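A.B. asks: Sharing a structure here in structure tokens format.
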Amino acid sequence: MVQLPEKTAEKSEAYKAGYKNICEIGKERIRRAGKKIKDENPLTTTDLDTGFRVLRLDSSNMKEVFYKPEEFTQENIALFADNVKADRTDEDLLFQTMLSHKIELSVKIEELTLAGKKAFSVDDGYLIACFDKDITIDTIEAIAKRKPVYAVVRDDSFNGDSTAENFEQIFRQFSPDTVRKVI
């Protein structure tokens, strides 16, 4: 479902019931439909996933330096040590990564802990992404051993130069066919 967040009229029953825009009405209708299906078919819907995701269209998660590094000089490059906009979450980065790899936004996403760091497994390990801070060689190795088709980490996630330098080598050793990307 795609819906603009059109405001409900202040005198409408929907507004009085707490629905400030049409999106909120749509989400409630989906919740109720899922509950009704489960209530009417309890024997066949025990494992039925009636959940849904709500996404909003926004600008890129990345600062301009990510897309046009040649436009920045050595004097101001320190301002962009982190190329991700400050108000973005790991989930924001994950969905942008999924879109850039042409992965449907409806696939299963599972949160994992790999070597003590939060990671996401998308579509049963097709993509593994870790945007956590201070990831270690052990974290990279844990991702590589799962042999994902795609592996993505954040540029400022590495706990040091040694981990960053060994990133490619670890994947060459454990999962050479994985397409690797550092954002």
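A.B. asks: Which one is nearest to residue 49 (Cα to Cα), of the residues in region 106-140 that are in contact with a Lys or Arg (Cβ under 7 Å, 6 or more places away or on another chain) and not charged (D, E, K, R)? Working first, answer last.
C.D. replies: Applying the first criterion (in contact with a Lys or Arg (Cβ under 7 Å, 6 or more places away or on another chain)) to region 106-140 yields 111, 123-125, 128, 130-132, 135, 139.
With not charged (D, E, K, R) added as a condition, the list becomes 125, 128, 130-131, 135, 139.
On the way: 125: 19, 128: 22, 130: 25, 131: 27, 135: 33, 139: 31 Å.
Among those that are in contact with a Lys or Arg (Cβ under 7 Å, 6 or more places away or on another chain) and not charged (D, E, K, R), it is 125.
A.B. asks: Please list, ordered by first then second residue, the pairs with beta carbon atoms under 8 Å, 6 or more apart or interchain, first in region 154-181 and under 16 Å from residue 126 (Cα atoms), second among the basic types (Lys, Arg) and at pLDDT 90 or above.
C.D. replies: 171/180; 174/145; 174/147; 175/145; 175/146; 175/147; 177/147; 178/147
A.B. asks: Can you tell me which residues in region 82-114 are charged (D, E, K, R) and assigned to a loop (DSSP other than H, G, I, E, B)? It would help to see each step written out before you state the result.
C.D. replies: Within region 82-114, the first condition is being charged (D, E, K, R), and the residues that meet it are 82, 85, 87-88, 90-92, 102, 104, 108, 110-111.
Matches in region 82-114: 82, 85, 87, 88, 102, 104, 108.
A.B. asks: Among the acidic types (Asp, Glu), at pLDDT below 95, under 30 Å from residue 142 (Cα atoms) and loosely packed, with under 12 Cβ neighbours inside 10 Å - does that describe any residue in region 65-84? Lay out the reasoning, then the answer.
C.D. replies: Step one: of region 65-84, the residues among the acidic types (Asp, Glu) are 70-71, 75, 82.
The next check asks that each one be at pLDDT below 95; those that pass are 70-71, 75, 82.
Those still in the list that are under 30 Å from residue 142 (Cα atoms) too: 82.
After this cut, where a residue has to be loosely packed, with under 12 Cβ neighbours inside 10 Å as well, the list is none.
No, that holds for no residue.
A.B. asks: Test residue 146 against the criterion of being at pLDDT 95 or above and charged (D, E, K, R), and give yes or no. I'd like the intermediate steps shown before the answer.
C.D. replies: On the way: at pLDDT 95 or above: yes; charged (D, E, K, R): yes.
Yes.
A.B. asks: Still on this model: Considering only residues that are among the basic types (Lys, Arg) and crowded, with 20+ Cβ neighbours inside 10 Å, which ones fall in region 101-140?
C.D. replies: Narrowing region 101-140 to residues among the basic types (Lys, Arg): 102, 108, 117-118, 133.
Passing the criteria: only 117.
A.B. asks: Still on this structure, please answer the following. Output the residues belonging to region 9-29 that are part of a helix (DSSP H, G or I) and either in contact (Cβ under 8 Å) with a residue 12 or more places away in the chain or within 25 Å of the chain's Cα centre (by Cα) (or both). Walk me through how you get there before you give the answer.
C.D. replies: From region 9-29, those part of a helix (DSSP H, G or I) are 13-16, 22-29; that's our starting set.
Residues satisfying the conditions are 22, 23, 24, 25, 26, 27, 28.
A.B. asks: Using the structure shown, decide if residue 118 is in contact with a strand residue (DSSP E or B) (Cβ under 9 Å, 6 or more places away or on another chain) and at pLDDT below 95. Steps first, please.
C.D. replies: Values: in contact with a strand residue (DSSP E or B) (Cβ under 9 Å, 6 or more places away or on another chain): yes; at pLDDT below 95: no.
No, not satisfied.
A.B. asks: Is there a residue being more than 20 Å from residue 55 (Cβ to Cβ) and either exposed (fewer than 13 other Cβ atoms within 10 Å of the Cβ) or under 15 Å from the mean Cα position of the chain (by Cα) (or both) anywhere in region 90-100?
C.D. replies: Filtering region 90-100 down to residues more than 20 Å from residue 55 (Cβ to Cβ) leaves none.
Checking region 90-100: not a single residue is more than 20 Å from residue 55 (Cβ to Cβ) and either exposed (fewer than 13 other Cβ atoms within 10 Å of the Cβ) or under 15 Å from the mean Cα position of the chain (by Cα) (or both).
A.B. asks: So which of 177, 138, 156 is part of a loop (DSSP other than H, G, I, E, B) and not hydroxyl-bearing (Ser, Thr, Tyr)?
C.D. replies: Details: 138 fails: part of a loop (DSSP other than H, G, I, E, B); 156 fails: part of a loop (DSSP other than H, G, I, E, B).
Exactly one residue qualifies, and that residue is 177.
The values are calculated or read from the model by the stated rules, or taken from the named source; none is laboratory data. Being a predicted model, the structure only gives us computed values, none of them experimental. Reconstructed Cβ throughout: ideal geometry from the backbone, glycine too, with neighbour counts over all protein chains shown.
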